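Structure record follows, encoded as structure tokens.
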Amino acid sequence: MSTVRSKREPIKVMHVITGLGIGGAETTLHKLLSRMDRERFQNTVYLMTGWGPMAESLALECAESPRKD
């Protein structure tokens with residue numbers, strides 16, 4: 001059985017991170033996402049603590065964790 005994907009649906013990838021402030025993990029995620037082929041991968045970022053300055057520059061789907069009040 002071949003594992004080569006044809007031109008079908010993109011592979012769905014979810015990235016989980018605490019937030020998108022300015023820092024090392026956030027910068028690394030930003031670089032990774034900006035270099036991934038958007039025709040091959042459908043990226044979603046799950047934010048555990050909320051948005052930050054880098055969220056808008058990603059230009060892709062972001063989901064925020066529900067807040068516990």
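The values are calculated or read from the model by the stated rules, or taken from the named source; none is laboratory data. What you see is a predicted model; the values in this text were computed from it and never measured. Note that each Cβ is placed from the backbone with ideal geometry, even for glycine, and that neighbours are counted across all protein chains shown. The protein model used for the area step is the full one, side chains on, heavy atoms only, and it has no ligands, DNA or RNA in it. Shrake-Rupley method; radii C 1.70, N 1.55, O 1.52, S 1.80 Å.
Across region 8-26, what is the number of residues that are part of a helix (DSSP H, G or I) and surrounded by 15 or more Cβ atoms within 10 Å (Cβ to Cβ)?
So the count comes out to 1.
Looking at region 27-41, which of the residues that are in a loop (DSSP other than H, G, I, E, B) and at pLDDT 90 or above is least open to solvent (accessible area, probe 1.4 Å)?
That would be M36.
Could you check region 1-26 and list, in sequence order, the residues that are at pLDDT 85 or above and of a type in the set (A, V, I, L, M, F, W, C)?
I11, V13, M14, V16, I17, A25
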